[in-house]
Amino acid sequence: MALEVLKARRSIRCYDPEYVIPKEDLQKILDAALNSPSTLNAQENDIIVVTNKELIQKANDVVYSALDDKSKERFINRQKRYGVKQIIMYDCSSLILLVKNERANPMVLGVDTGILAMSIMTAAESIGLSTVAMGIVVRPQVEQLFNLAPGSLCLGIGIGKAKNTDVDPKQVLRKVTFLE
C-alpha cells in the first residue's frame, strides 16, 4: 500500500474551497507526522496547523504581494490554469507550517524537515486527501503573520480535497546508479 501511495502522490494545485477536513483526519495525519523519523530523534520541527480560512487568505496575500513581477505572472498563469481563487494557496483547506524548534541543528534540519513533510503528505494521501509542498511561504512576512521567530519557518504544506486531479504525468529526471 505505501508503495502505491508514494508512486501515485502528486502536488495538487486545485482544491475544493468548500471542503473542511474532519478533525479526526487531521489528527491521523499529525499522529503519523509526530512519529516520523528524525536525525538522532531530535524532532527538530514543530507543526502549526492553520484551518482558519481568513488566516490562510492572509498568508496567500502576503506571499503574493512579496513576489517579483515575473513570479507574479507565473502564479497568475497557474491560477488561470487551475481555476482557483487563491493564487498561492490554491484554495487548500488547511495550511501546515513546519517550524524549526530549539533542538534544530542546521546540519540536518533540511533533511529532517523533508522527512517530516513527506510523512505528512503520504499520510494525507493515504486517507484520500491531496497536498502540495509550498517553499514559497518561507518568507519573513509569513513568519510575522503567524508570530514566528525570524528564520524559523522551514516549509508550508497545503492540504485539501482535490477539486481536479488532472495533473501532468510525472517525468522522472533522477537517475539511479547501482554499485555492486
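Just so you know, all these numbers are worked out from the coordinates, no wet-lab data involved. As the structure is a computational prediction, the values presented were derived from the model and not from experiment. Backbone-built Cβ (ideal geometry, glycine too); neighbour counts: all protein chains shown.
Side notes on the structure shown:
- Cβ-placed point charges (K, R +1; D, E -1), dipole of the chain about Cα centre in debye, nearest 20: 580 debye
- Of the DSSP H helices in the chain, those whose Cα atoms cover at least 24 Å axially and whose Kyte score averages 0.5 or more: 109-126
- Entry for Cα extents along the principal axes in Å (calculated from the structure that is shown) out of (1) 65, 34, 29; (2) 47, 38, 37; (3) 46, 32, 24: (2)
- Neighbour counting of Cβ atoms within 10 Å sorts the residues ARG9, ARG174, fewest neighbours leading, into ARG174, ARG9.
- When segment 2-160 is described by a simple charge dipole with +1 on each Lys and Arg Cβ and -1 on each Asp and Glu Cβ, the residue from ALA117, VAL99, CYS14 located farthest towards its positive end is CYS14.
- Multiplying the residue separation of LYS170 and GLN141 by 0.36 nm and removing their Cα-Cα distance gives an extension gain of 7.2 nm.
- Working ranking of peptides 149-155, 68-74 by packing, defined as the average number of other Cβ atoms within 10 Å per residue, highest first, is 149-155, 68-74.
- Packing order of peptides 123-133, 31-41, highest average first: 123-133, 31-41 (average count of other Cβ atoms within 10 Å over each peptide's residues).
- By the helix-only formula, in which each DSSP H run with n ≥ 4 contributes -39500 (n - 2.57) and the sum is divided by residues, the chain has a 222 nm mean residue ellipticity of -12000 deg cm²/dmol.
- Straight-distance crosslink candidates among lysines, where the alpha carbon sits under 24 Å from LYS175 and sequence neighbours closer than 8 are dropped: LYS7
- Whether segment 18-120 is rounded, prolate or oblate, judged on the alpha carbon gyration tensor where a/c under 1.5 counts as rounded: oblate
- When the square roots of the Cα gyration tensor eigenvalues are ordered a ≥ b ≥ c, the ratio a/c for segment 19-71 is 1.5 or more and a/b does not exceed b/c, which makes its shape oblate.
- Set of lysines with alpha-carbon distance to LYS58 below 29 Å, sequence-local pairs under 8 removed: LYS23, LYS28, LYS70, LYS72, LYS80, LYS85, LYS100, LYS161, LYS163
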